[in-house]
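> Mind looking over this structure? Questions follow.
Any read-out appearing in this document is the output of simple, stated calculations on the displayed coordinates, not a laboratory observation. All values reported here derive from a predicted model rather than from experimental measurement. We place every Cβ from the backbone using ideal geometry, glycine too, and count neighbours over all the protein chains shown.
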């Protein structure tokens, strides 16, 4: 299983201003036939064992990898929001 793109899920401790990414889609590549298909993050979290629509083989999503990607996206979004807030209040960032 290889996550190609996308972001997304609601983990505890996320800052309240960040987007809820559970409804976002991620692209998953089947390790058997290399077909790419989209699933929502909420579905992948609920059911990490998927079936490829191309070859019908099982594809397992690495939830730790997904969690790390989501946390990274949240952190980057939080940093961007902080920079925007600082600029709107007249503060300069490095």
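> Apply 1/(1 + (r/R0)^6) to the Cβ-Cβ distance of residue 46 and residue 84, taking R0 = 41 Å, and write down the FRET efficiency to the nearest 0.05.
0.80
> Shifting gears a bit: Going by a ≥ b ≥ c, the root eigenvalues of the Cα gyration tensor, does the stretch 24-87 fall in the rounded group (a/c under 1.5), the prolate group (a/b larger than b/c) or the oblate group?
In terms of gyration-tensor shape, prolate.
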